[in-house]
Amino acid sequence: MKPNHFTIVLFSWLVAASLCGQTPPTNTNMDAFVSGLLGRMTLEEKIGQLNLLSTGFDVTGPVASKNVEANVRNGSIAGVFNLYTPARVRKLQELAMGHSRLRIPLLFGYDVIHGHKTIFPIPLALACTWNPELIEKSARVAANEASADGVNWTFSPMVDIARDPRWGRIAEGAGEDPYLGGLIAQAMVRGYQGDDLTRSNTLLACVKHFALYGAVEAGRDYNTADMSRLTMYQYYLWPYQAAVDAGVGSVMASFNEVEGVPATGNRWLLTGLLRKQWGFKGFVVSDYTAINEMTLHGMGSVEHDAELALKAGLDMDMVSEAYVKYLKKLAAEKAAPEAIIETACRRVLEAKYKLGLFADPFRGCGEERAEREILTPENRKFARDLAARSFVLLKNADQTLPLKRSGVIALIGPLAESRRDLLGSWSAAGDWKSATSILDAVKQAAGAEVSILRARGANLVDDPVLLETLNSSGADIVPDQRSRQEMIKEAVATAQKADVVVATLGESFAMSGEAASRSELGLPKGQEELLKAVVKTGKPVVLVLMNGRPLTLPWEEAHCSAILETWFGGIEGGHAVADVLFGEYNPSGRLTTSFPRNTGQIPLYYNHKTTGRPYLGDPHVKYVSRYLDVANSPLFPFGFGLSYTSFSYSKVRLSRRALAGDQTLVATVDVTNTGRRAGEETVQLYITQPVASVTRSVEDLRGFQKIFLQPGEERAVSFRITAEDLKFYNSELRYDWEPGDFVIRIGPDSSQLYSATLHWTKSQ
Ligand code: NOJ
């Protein structure tokens, strides 16, 4: 067999490695291997391992890296991101393996956020499945595809708790709850990394953005975040810690400041909390040009910031090139001790070792594998199922849904034909041309007895400046040149000919995600006008929403017959919408973020505190915590979602009313499918502790179970609760539980719960 270029390079590396005294590492102890390598590295080469550059397809920040190849040759680069495909990866890796002095393999990072080429629903939608097992599988599929395409490191999971839907990046995370967020974070880490990172179908995961990025003030991206340590520990830090506990290999520092110091240079955060308290052993990377940006935060020169960041525990510099510029000089001046540089370098080399890169720098990537394993029919089938599971049925008056397979359906709205939007933001290497639009999918699924009429009715957005901004982020919106009135007139005439109207409205994918904050969360004006005109025809209107965040929909909730939240459903999102509309799949998604009634209610989240003057529902009482012009409650609460069937709950039964120490409580409800279809219910468990040494949330999610019931079927659902489930952080930031009364609440969502009380003491 003729050796190919890859075999020659690998062979020459093996020879070179053994000449350098390195043996192929698979059976070698990591410490000895890395120490040996470090012993041969110059200071410049060590600093090179702290330098990450962006090259290739997508540049996701203000700066694009230059001279990447030259940097690879002279060993001043740890890896690159935004570059994939076996050919491109191999070319650059061959350069590192064949031409750099020590032949240290490169990392290839990429934002594989919700799938690689098989694009799954956006993360916020995935969370609405409340199914960590399937989310883990989606990360597994993503890892398999991305690694076949040469990627070995993903900047995921993003686990920032978000209570403010104005923030566009709420789309990238799991929502507002720490417990569910933690479970999902762990599932994703397991999915990406598997149990053996050296296997060539895994990816090194990177939990981000550490920390508190979801709490940026006023929901404006990159803005300041500030909160008490107690709130951090109680709510915001939980999912990051969960990812660390699951063995995540890397952590990305966030853009925002934490307690007045940018996370990038925050020693308390990156060393005190992450390493000392949580025992994190991997490496920390900055976000895009974040060291440079410390200057604009008001932290002094970039040189000074490089010193701060290194000393804080930031191992790798993403794109700023501040470390390669300044660390040598800082080391000579003793401002940045070489020992810290060496520790950071060791962490990066260890990650490469764990990935098996020293044994196989190419990790089995090649065209053939990519061809065989990427975007397979099986992966697409899974994506379709997952998308259907992520949709949340918000309203269904008079059983408008599922649609009948006869009669006339008017499919109205600008999103029905869009394939690009289905993929959502951060859709990695996904190709929207492989998606099927809602219009085409509905046509395919409808059957011979249905006729579909179509009118666009409105443009996605009308504001020309917004349109330009969205299109510069790749939204590809080609506006219809007709006037609003003309388009609406056509849509109304179309609706009048139909039995039911399906209005596909919402956001362009580019209206959520990074740098996509909004101050108003209603449907864009033109779409709202269209909906009002169509509702006026008196035809039943099914609103099919596509959006990356909770929207404010009070009018829509009052006037549409049905509302189906479909987020951005991914590459199979169009088919999944058709599956749900025609009842092939009975919706089971549940919200993981509260939907406000208006933006003035924000921040709005279910696990809030009670206050000293709670509003108890009597509008005539003045001095209480409420608004004069809107209710306190959300329009759609956390945990909410309907089904084509209905479920009833019995009262909560407790195994005992008095417990002590490490005893176990069993709380049970009987759930019955009272409708006419089989369906899945998510039974949710919340716990309240009314009195404690620090104020507690009105309730905290502490468990859930998904059950599938046939019509008429009843199932007893039991939760086993121990003192571990009662723990919280006290004023000393100690995680423990306190004896007292507890309320166990079980039900279909955070606002409809059946409760039972008990007393739990420390010892018998
Ligand atoms: C900036 C984003 O904040 C981060 O989430 C992403 O991973 C990096 N850019 C790399 O693209």
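The values are calculated or read from the model by the stated rules, or taken from the named source; none is laboratory data. Remember, it's a predicted structure, so these values are computed and weren't measured experimentally. Here the Cβ positions follow ideal geometry from the backbone for every residue, glycine too, while neighbour counts run over all protein chains shown.
Some observations on this one:
- Note on the stretch 491-607: enclosed helices (runs of 4 or more DSSP H) holding 3 or more residues that are small (Gly, Ala, Ser) and within 29 Å of the chain's Cα centre (by Cα) are 573-581.
- Within the option set 109, 115, being surrounded by 24 or more Cβ atoms within 10 Å (Cβ to Cβ), away from the ligand (no atom under 15 Å from the Cβ), modelled with pLDDT of 95 or more and not in a helix (DSSP H, G or I) holds for one residue only, 115.
- The requirement of being touching a strand residue (DSSP E or B) at 6+ places or on another chain (Cβ under 9 Å), surrounded by fewer than 18 Cβ atoms within 10 Å (Cβ to Cβ) and not in a helix (DSSP H, G or I) is fulfilled nowhere in the stretch 421-431; no residue meets it.
- Checking each residue in the stretch 70-106 for being part of a helix (DSSP H, G or I) and of a type in the set (A, V, I, L, M) picks out 70, 72, 87, 89, 92, 95, 96, 97.
- Qualifying residue in the stretch 443-458 (condition: in a loop (DSSP other than H, G, I, E, B) and of a type in the set (Val, Ile, Thr)): no
- Residues (assigned to a loop (DSSP other than H, G, I, E, B) and more than 24 Å from residue 553 (Cβ to Cβ)) located in the stretch 646-664: 650, 651, 652, 655, 656, 657, 661, 662, 663, 664
- Annotation note: of 167, 153, the sole residue that is within 16 Å of the ligand (Cβ to nearest atom), closer than 22 Å to residue 514 by Cα, crowded, with 24+ Cβ neighbours inside 10 Å and more than 15 Å from the chain's Cα centre (by Cα) is 153.
- Residue in the stretch 390-407 that is outside the structural domain of residue 132 (by TED's automatic domain parsing), assigned to a strand (DSSP E or B), over 27 Å from residue 638 (Cα atoms) and in contact (Cβ under 8 Å) with a residue 24 or more places away in the chain present: yes
- Residue check for residue 437: under 30 Å from residue 748 (Cα atoms) and in contact with a helix residue (DSSP H, G or I) (Cβ under 8 Å, 6 or more places away or on another chain): no
- Some residue of the stretch 228-237 being within 14 Å of the ligand (Cβ to nearest atom), surrounded by fewer than 21 Cβ atoms within 10 Å (Cβ to Cβ) and either more than 15 Å from the chain's Cα centre (by Cα) or outside the structural domain of residue 187 (by TED's automatic domain parsing) (or both): no
- Test: residue in the stretch 250-266 that is away from the ligand (no atom under 16 Å from the Cβ) and either within 26 Å of residue 727 (Cα to Cα) or among the basic types (Lys, Arg) (or both): yes
- Contact map, the stretch 525-536: residues that are within 15 Å of residue 551 (Cα to Cα) paired with residues that are surrounded by fewer than 19 Cβ atoms within 10 Å (Cβ to Cβ) and of a type outside the set (A, V, I, L, M), Cβ distance under 7 Å, separation 6+ or inter-chain. Pairs shown: 525/462; 528/522.
- Residue in the stretch 194-211 that is over 30 Å from residue 368 (Cα atoms), in a loop (DSSP other than H, G, I, E, B) and within 14 Å of the ligand (Cβ to nearest atom) present: yes
- Any hit, the stretch 215-225, residues being under 23 Å from residue 309 (Cα atoms) and buried (at least 24 other Cβ atoms within 10 Å of the Cβ): yes
- For the stretch 474-490, residues that are of a type in the set (D, E, K, R), in contact with a helix residue (DSSP H, G or I) (Cβ under 8 Å, 6 or more places away or on another chain) and not in a loop (DSSP other than H, G, I, E, B) total 1.
- Among (1) within 13 Å of the chain's Cα centre (by Cα); (2) away from the ligand (no atom under 15 Å from the Cβ); (3) closer than 30 Å to residue 93 by Cα - the single one residue 182 does not satisfy: (3)
- The number of residues in the stretch 118-144 that are under 21 Å from residue 590 (Cα atoms) and within 16 Å of the ligand (Cβ to nearest atom) comes to 4.
- Selection of the stretch 303-336 for residues being outside any helix (DSSP H, G or I) and more than 25 Å from residue 255 (Cα to Cα) yields 333, 334.
- Qualifying residue in the stretch 47-69 (condition: in a helix (DSSP H, G or I), modelled with pLDDT of 95 or more and surrounded by 14 or more Cβ atoms within 10 Å (Cβ to Cβ)): yes
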